[in-house]
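J.: The structure that follows is given in the form of structure tokens.
The values are calculated or read from the model by the stated rules, or taken from the named source; none is laboratory data. Just so you know, these numbers come straight off a predicted model, no measurement behind them. No Cβ is skipped: glycine too gets one built from the backbone with ideal geometry, and neighbour counts run over all protein chains shown. Keep in mind that these areas ignore ligands, DNA and RNA; they rest on the heavy atoms of the full protein, side chains included. Shrake-Rupley method; radii C 1.70, N 1.55, O 1.52, S 1.80 Å.
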Amino acid sequence: MSGGTFFGINTALRGLMVHQRALQTTSHNVANASTEGYTRQRVVMVPTLAYPVPAMNRPGGQGWQVGTGVDVQEIRRIRDEFLDSQVRRETGTLGRWEQIKYVLEQVEIVFNEPSDTGLSTLLSQFWASWQELAKNAESSPVRMTVIETAVALAEAFNHSARQLENIKGDIEDAIELKVEEVASLCRQIADLNVQIKNVVAAGDRPNDLLDRRDLLLDRLSKILDFTVEHNSDGTINIKVGGTSLVEGDRVELPASWNSLTLQVDDATHQAKLTITVDDTGNGGSTSFEITIKGGELLGLGEAYKLVEGYRKDLDTLAKELAGAVNQIHKEGYGLDGSSQRDFFVPAGGGNINAGNISVKDELQENPMLIAADSNGVRIPEELGSDAVGEGLDPGTKYKILVSGNTLELQKSTDGGTKWTSIGSGVTVNTWDGTTTVTLGDNSERITFTISSSSPGDGEYTVTLSPGDGSNALKIAQLQHQIIQGLGTTFDDYYKNFTARLGVTAHEAGRMVVNQQALVDQLAGRRESISGVALDEEMTYMIQFQRGYEAAARVMTVLDEMLDTLINRMAAH
Amino acid sequence: MRVTNRMLISNVLTNINNNLQHMSKAQKQMSSGKRVSRPSDDPIVVARVLSFKTALAQQDQYDKNMADARGWLDASESALNMATATLQRARELAVYGANGTMPEASMQALAAEVDQLIDELVQTANTSYGGRFLFGGTVTTSAPFQRTFEGTEETVSYNGNTGSLDWEVAQGVTITVNENGNKVFMEAVGPEGSKKSVFKLLFELKDALVGNDHSAVGDTIADFDQAIDHLLNIRATLGAKSRRLEMAQERLFVAKIGLTETMSKLEDIDLAETVMYYKNAENVYQAALATAAMVLQPSLVHYLR
């Protein structure tokens, strides 16, 4: 009826071994309590098959079955894979907004508003300087102020444009680094796939390798969005937007990265970033396209697009400002009577933008050339009209001497006492009201359209208008004009631009906070399931320790029983 | 829900970090005195602050323009005041000279004084303000009036032009600050269309006195009356403009105070409120630290022997 003399020893041995294994696992859990990505493991114990097994023909008759002890069925990872996919999706969104927030924080520093040194203040000062010039057109210090203020404004434009370009360059570098990180993670995952495949083939459970692979997937999820396919051999495939990055033990990505092209497609509401990796330098000849719809890479792409937009807005502002100021400036006259001069010019040529806007050198060297005056040289009506001068000095008196058909330009530097001729006399044959004549020499001259009837002999005073600031006033009044290319005034355009930047940066900041909270919550739930609780492990430790002790005690009892049977039953 | 040791630690870290951030924000506000330091802090407030700053800068400029315009107008007015006094003196002399009993020697003495008055009036007409000639039109850098001899005839010529100095005193509103010397002095007396200058009038008086022609002297009196009226009219215009600007400046001053106050409300912190906020954040932070010290220590490990 019994299962044999030594039957129980084996059962006790199994108890010892299994509890030892369970203690070993508890020890492993405790040791990894702080390991990132570690999933707690639990020994799943099952009773071994009872003796005898149910069969038609079995020893000893019916009505009994003796348990044969315990065995370890598996060492299980306690993990919820649904949570994994949630955590990864939200981590990707977090990464995306973090990158946008980080970039926009830098852009905000570039524009430095509200402050006393931002473009807004400089624009105000620019308009104010023209107002002052309108009042003090003959004043050299005021003219200097206009130049200095305009130069400061142009330099602020240049500086901001340069900073935005730097940020764009930094984003390109960051994308390159992130793509390299993706390649590195993919290689590591493929390596782990190989190891996992071997362990699975041997029928074992590669728990710690799976943890490491999951951790790599978590990291990858912050950079881009992907889907995971599980293969029956324990390996996984990683796909991004239909493109395979990892197929089991093969990395589909090129090993090195030679160039990147960046496209952000925002035609569809869903933003996506396509990165093309050129593998030609690595022996391959095809380019590799990954379309990304989430994660840090998408955030970087979107941030790049935003910065590019800000640069364009800034360019538009600089271009329109230069255009409007130049147009009026060209119609005016400098103190030397000259006209048709630009105020702003593009440094290095081309079209004016925020990067190259600068104040014309000629004006910086001689602020007297600023066209504050809308009349220039005034000559008496008897002589003609439309007079333009060049090189005339506002401190000098000029007159035109008429003698018969000969006109001659004279100047006096001592207030009208002593007069000297400039150039030689010019003879006019027909007074028809359309011919232009130029009096004077190359350095000081007046060009005008003669009248239709010849003037009488005598001297005609030529006046310059050093105090006329009406053209400067026209430029100052641009401040309140709605500029067609902007659809609003300069000040409002810049204010709207700043507000838009603020709203976008604020939104990004809010999204990061919310998303961080969501990720923290999900990660907390995952930790709650998979994390190691030391109190719990201590409790299990006692349980397994006592289990081990009890099994050993069974072994002792059996031993004592056999001692009785073998040693105490001998004849004395 | 299971609670693990890592959860406790990460919660503690998150909370301590959050509280530190609150403290840092309050510290930044207290030290800068501003509620917003960049657009994302509060985009709407920042946009409004920028608008207010632009508006304030504009108003400051208009205020300066008005003050400058008043200076120019007042200087012109006082110059014309002197010119009027000169003409009144000349009129008195004309009244004396018109008296037939005046001996010839006295007539010559009167003529000599008129000659002085001409110089004085030229000087007045060449008055400069801040280095700029008031009555030369837009020729502000050289004296507009010059007493010269043309052949045997003595004249005062005008070398300025008829340009006006228009300054902006409010958005789109300009005011002409200068009175043109040609209008003031050169076209002062006589019938419309053939007006003569006050200088010509003085030369006529002088010539009549020199010529001992009592009736010709008497003929100038009516012209002097007209010239003095002419100057008085211009002075009245200048005074009215100056007063108008004074009132506008006062209005602007009140508006500026309002703007500054509103901007301050938008932009500046309420110190008491911010300090309270900071102290609160500091308390919460300390509580978080204390809680961490209590929560992180006990574990079953301590009790198992």
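J.: What pairs come out if I take residues in the stretch A:425-446 that are more than 19 Å from A:GLU459 (Cα to Cα) and pair them with residues that are among the charged types (D, E, K, R) and open to solvent by 40 Å² or more (accessible area, probe 1.4 Å) whose C-beta lies under 9 Å away, six or more apart or interchain?
T.: Sorted first by the residue in the stretch A:425-446, then by its partner, the pairs are A:THR436/A:ASP386; A:ASN442/A:GLU390; A:SER443/A:GLU390.
J.: Another question, if that's okay. Which one is farthest from A:ALA472 (Cα to Cα) among residues in the stretch A:339-379 that are among the polar types (S, T, N, Q) and within 14 Å of chain B (Cβ to nearest Cβ)?
T.: Per the criteria, the residue is A:ASN375.
J.: Might you let me know whether the stretch B:120-141 holds any residue that is farther than 28 Å from B:ALA69 by Cβ and free of Cβ contacts under 8 Å to residues at least 40 places away in the same chain?
T.: no
J.: If A:ASN514 passes every condition in (1) at the interface with chain B (Cβ under 8 Å from one of its Cβ atoms); (2) over 30 Å from A:LEU439 (Cα atoms) but one, which one does it miss?
T.: Every listed condition holds for A:ASN514 apart from (1).
J.: Restrict the check to the stretch A:141-157 and report whether at least one residue is touching a helix residue (DSSP H, G or I) at 6+ places or on another chain (Cβ under 6 Å), farther than 30 Å from A:GLY376 by Cα and away from chain B (no Cβ under 14 Å).
T.: Checking the stretch A:141-157: at least one residue is touching a helix residue (DSSP H, G or I) at 6+ places or on another chain (Cβ under 6 Å), farther than 30 Å from A:GLY376 by Cα and away from chain B (no Cβ under 14 Å).
J.: Also, quick follow-up: Of the residues in the stretch B:56-75, how many are open to solvent by 20 Å² or more (accessible area, probe 1.4 Å) and either closer than 27 Å to A:ILE109 by Cβ or hydroxyl-bearing (Ser, Thr, Tyr) (or both)?
T.: Total satisfying the criteria: 2.
J.: Suppose we keep only residues that are within 36 Å of the chain's Cα centre (by Cα) and open to solvent by less than 30 Å² (accessible area, probe 1.4 Å) within the stretch B:26-42. Which one would you say is farthest from the other protein chains (Cβ to nearest Cβ)?
T.: Only one residue tops the list, namely B:GLY33.
J.: Let me ask something else. Got a number for residues in the stretch B:131-161 being surrounded by 15 or more Cβ atoms within 10 Å (Cβ to Cβ), facing chain A (nearest Cβ under 9 Å) and in a loop (DSSP other than H, G, I, E, B)?
T.: 11
J.: Residues that are under 60 Å from the mean Cα position of the chain (by Cα): list the strands (runs of 3 or more DSSP E) wholly contained in the stretch A:371-426 that include at least 2 such residues.
T.: Correct list: A:384-390.
J.: Filter the stretch B:43-55 for residues that are within 22 Å of A:GLU507 (Cβ to Cβ) and at the interface with another protein chain (Cβ under 8 Å from one of its Cβ atoms); which is surrounded by the most Cβ atoms within 10 Å (Cβ to Cβ)?
T.: Among those residues, the one meeting the criterion is B:VAL46.
J.: Name every residue in the stretch A:155-209 that is open to solvent by less than 20 Å² (accessible area, probe 1.4 Å) and farther than 30 Å from A:ASN356 by Cα, in order of residue number.
T.: Selection gives A:VAL179, A:VAL182, A:ALA183, A:LEU185, A:CYS186, A:ILE189, A:ALA190, A:LEU192, A:ASN193, A:ILE196, A:PRO206, A:ASN207.
J.: Determine which single condition A:ASN471 fails, assuming it passes every other condition in (1) away from chain B (no Cβ under 14 Å); (2) in contact with a Gly (Cβ under 7 Å, 6 or more places away or on another chain); (3) open to solvent by less than 60 Å² (accessible area, probe 1.4 Å).
T.: So A:ASN471 meets the others, but not (1).
J.: Also, I was wondering about something else. Examine the stretch A:115-132 for a residue that is within 14 Å of chain B (Cβ to nearest Cβ), open to solvent by 30 Å² or more (accessible area, probe 1.4 Å), of a type outside the set (Gly, Ala, Ser) and farther than 21 Å from B:ASP68 by Cβ, and state whether such a residue exists.
T.: Yes, the stretch A:115-132 has at least one match.
J.: Filter the stretch A:380-398 down to residues that are among the small types (Gly, Ala, Ser), over 20 Å from B:PRO144 (Cβ atoms) and surrounded by fewer than 17 Cβ atoms within 10 Å (Cβ to Cβ) and give me whichever is farthest from the other protein chains (Cβ to nearest Cβ).
T.: A:GLY391
J.: Would you check if A:GLY456 is touching a residue at least 60 places away in the same chain (Cβ under 8 Å) and assigned to a loop (DSSP other than H, G, I, E, B)?
T.: yes
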